[in-house]
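Here the structure is laid out as structure tokens; the discussion comes afterwards.
The values are calculated or read from the model by the stated rules, or taken from the named source; none is laboratory data. Here the structure is a predicted model, which is why all the values come from computation and not from measurement. With ideal geometry, Cβ positions are generated from the backbone for all residues, glycine too; neighbour counts draw on all protein chains shown.
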Amino acid sequence: MALRISILTGVIGGILLALRNDFIAVLGLLMALAGSSSTIPITRKLAVSIKSRAGTGIGLLNTTGNLGSMLGSAVAGYVLDSLGNMYLIGLINVAMFVIVLPMIVALFFTHNIGGKHY
């Protein structure tokens, strides 16, 4: 439940960030940061809760985060060079956060551990 709330907070913040009102954009930035930052401890706890594969789960989370940091910068630079529109990079970022992150969580991190559905 906490993972769903943090993702929803980040998604709503990302949508608000795309709006052109300055106050709402700052509020969206804060919500997106809070949502994305709060997923880290939740996913770490979820990865460690599988006792037989705790190290593999943490390693997968670290690898995914490092690849995302590298590829995100490269894709943003490519889009900026290709289109010359900085606003479009923000929209692509919001679209990736809204579409891809819930799919990843649904595929890899939703399972039943000890009678609790995560």
Unmet requirement for Thr56, which otherwise passes all of (1) loosely packed, with under 12 Cβ neighbours inside 10 Å; (2) in contact (Cβ under 8 Å) with a residue 40 or more places away in the chain: (2)
Failed item, numbered, when Met70 is tested on (1) of a type in the set (A, V, I, L, M, F, W, C); (2) more than 16 Å from the chain's Cα centre (by Cα); (3) at pLDDT 70 or above: (2)
Pairs under 8 Å by beta carbon, first residue on the phi > 0 side of the Ramachandran plot in the stretch 74-94, partner at pLDDT 75 or above, six or more apart or different chains? none
Of the conditions (1) in contact with a Pro (Cβ under 9 Å, 6 or more places away or on another chain); (2) farther than 16 Å from Val100 by Cβ, the single one that Ser37 does not satisfy is (1)
